[in-house]
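What follows is a short report on a single structure.
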Amino acid sequence: MALRRIKIFDTTLRDGEQSPGCSMHINEKIELALQLEKLGVDIIEAGFAASSPGDFDSVKVVAGLVKNSAVASLSRALVADIDKAYDAVKGAVSPRIHVFLATSPLHMQYKLKMSGEEVLRRIEESVKYAKSKLSDVEFSAEDASRSDRDFLKIALETAIKSGATVINIPDTVGYCTPGEMYDLIRFIRENVEGADRVDLSAHNHNDLGLAVANTLAMVEAGISQAECTVNGIGERAGNASLEEIVMGINTRPYLYNAETRINTKEIYKTCKLVSNIIGVNLHPTKPIVGANVFAHESGIHQHGVLAKKETYEILSPEAVGIPQNKIVLGKHSGKHAFSEHLTAMGYHDIGAEKIQELFDEFKRLCDIKKSVSNKDIEALLSNKKLESNLKYVLDNFVINCKKGNAYAAVSIKCGEEVRTAIQDGDGPIDSSFLAVDKIVGKSFVLYDYGVQSVGEGRDALGESYVRLALDGGESVIGRGVSTDVIESGILAYIDAVNKLLA
Ligand code: KIV
Ligand code: ZN
């Protein structure tokens with residue numbers, strides 16, 4: 001029997017990005033949208049166009065760039081919001097307007113202060129209005145899982161009659177269980193007139209840790225779209241995680257009688273990208289992509305895996321594109337081999353100039369490190385990506401420190417000019433960050449700083465991140481990679497400064 005196609009609707013750039021600490025710079029949104037397209041998601045919810053001019057711009061830019069995924073904007077059930085959503089997505093190859101309105105008694109009474117009749121009227125007007133602009137219109141009954149079923153049935157029928165092509169059933173507060181969400185979809189399929197003519201969709205939050213389980217239960221019950229975010233980021237405890245839903249279906253296709261069109265080999269790269277952008281490391285036990293997922297500590301497990309991998313492994317690292325940390329190339333490798341290796345790692349679209357720069361960095365790294373692994377090469381790649389955005393570029397630094405006190409002399413290139421500042425501080429990081437402030441002439445607020453190693457060994461690269469803000473504004477994440485952890489910190493700080501001043 002042919003497998004049913006489950007469309008993957010990614011809302012990392014909307015529901016993910018709107019949660020505290022996850023805001024993204026427009027360049028990061030573009031990079032992520034293009035990676036989501038490469039991953040093969042069916043629909044990218046690029047933002048909530050009416051929520052701010054910045055969101056409007058990023059939805060519009062993403063809509064203009066993405067060709068192989070539909071691009072949606074969220075919209076309240078209001079004419080002005082729908083107009084903004086339409087203006088932002090109309091340039092897309094496959095544009096979608098996503099209208100939402102709450103249908104639960106709690107939300108209608110206390111948040112919307114609207115009666116049931118008013119809500120139904122608003123659904124009809126807003127979906128019809130969106131439909132007059134675009135053919136692809138999604139309607140979400142916010143808090144559907146806590147709505148009265150008879151009312152929900154009428155609300156969904158109203159949306160379908162008004163032209164909705166997708167009906168989304170959110171468990172907005174992550175309250176329900178897989179059994180309840182399965183039952184709700186069966187109820188809708190059996191009782192809502194027109195439900196067989198639209199895509200039914202899942203949108204689950206993770207407050208009780210059930211978002212993925214609820215989504216998979218809804219797949220079993222017959223939905224054809226799953227809404228999710230990369231790494232499960234989102235409001236409060238987050239949303240259902242894209243990689244867990246996809247690999248859940250991919251590992252048991254005949255249980256769910258379903259498949260997706262996701263290129264699973266792009267999963268790890270996408271998860272790493274989101275983790276880098278928001279400055280939150282993947283937890284070692286994070287399903288699918290955590291560092292421990294394919295590591296076997298216990299002797300019994302190791303023995304089993306050596307005898308037959310499937311004894312303790314149901315997924316393979318290759319299937320989700322996790323680079324094997326093998327020694328890949330050495331100081332005698334030529335540019336051709338290096339370039340072919342990048343292609344084998346899945347980086348096909350790197351221009352000749354960038355390959356040369358990367359190759360030079362790689363050679364420098366070979367002089368410092370005994371062995372260079374795929375993880376090191378990935379770190380160089382993300383560093384290079386950052387460098388092309390820099391207005392300020394680190395030229396050099398000298399640190400002189402003793403316990404509790406340090407002096408840093410930092411030189412930064414600003415165009416043709418090299419500026420230097422000397423500054424004391426509590427330690428090498430503090431003094432060098434303050435020296436950068438002096439050069440730039442601003443006092444930044446440092447919310448967070450962290451460093452971790454890429455790979456193993458004393459000569460491992462250090463990967464730093466900082467969370468920085470200016471004048472009480474929104475914070476941004478900066479990243480830097482170097483074999484010298486102080487240098488990686490300064491690079492991360494300058495990266496954040498560049499983003500704030502862009
Ligand atoms: O969680 C939710 O209900 C939502 C809707 C706006 C779809 O994010
Ligand atoms: Zn949500």
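What the table below lists for this structure:
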item: Cα-based convex hull volume of segment 389-501 per residue, rounded to whole Å³; result: 102
item: Where Rh is the Kirkwood radius over Cα pairs, Rg/Rh for segment 170-312; result: 1.03
item: Peptides 151-161, 39-49, 137-147 ordered by average Cβ neighbours within 10 Å, highest first; result: 39-49, 137-147, 151-161
item: Simple Cβ-charge dipole of the chain, Lys/Arg +1 and Asp/Glu -1, about Cα centre, in debye nearest 20; result: 640
item: Protection proxy ranking of 425-438, 109-122, 482-495, 361-374 - average other beta-carbon atoms within 10 Å, highest first; result: 482-495, 425-438, 361-374, 109-122
item: Inter-probe distance in nm under a simple model that places probes 7 Å from Cα toward Cβ, at ASN191 and TYR254; result: 3.5
item: Enclosed volume per residue, in Å³, of the convex hull spanned by Cα atoms of the chain; result: 175
item: Inter-probe distance in nm under a simple model that places probes 7 Å from Cα toward Cβ, at ALA337 and GLN109; result: 7.3
item: Separation of alpha-carbon centers, segment 39-102 and segment 211-277, rounded to whole Å; result: 21
item: Where a label projected 7 Å from the Cα of LEU315 along Cα→Cβ would reach, residues of segment 42-61 with amide N under 20 Å; result: 42
item: Whole-number percent relative contact order across the chain, with pairs defined as alpha carbons under 8 Å at least 6 apart; result: 10
item: Packing-based ranking, highest mean first, of 227-237, 330-340, 274-284 given that Cβ atoms within 10 Å are counted; result: 227-237, 274-284, 330-340
item: Extended-chain gain in nm, criterion 0.36 nm per residue less alpha-carbon gap, GLN452 and ARG419; result: 9.0 nm
item: Links that overshoot a 21 Å alpha carbon limit, given the list LYS60/LYS84; LYS269/LYS309; LYS375/LYS402; LYS29/LYS286; LYS29/LYS60; result: LYS269/LYS309; LYS375/LYS402; LYS29/LYS286
item: Over segment 389-501, relative contact order from alpha-carbon pairs under 8 Å, at least 6 apart, %; result: 19
item: Average projected area [Cα convex hull, segment 58-211], square nanometres; result: 9.1
item: DSSP beta bridges in the chain [antiparallel fraction, %, rounded to 5]; result: 50
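Throughout, read-outs are computed from the coordinates displayed, never taken from laboratory work. Note that the structure is predicted; figures quoted are calculated from it, not measured. When we count neighbours, we look across all protein chains shown, and the Cβ atoms used for this are built from the backbone with ideal geometry, even at glycine.
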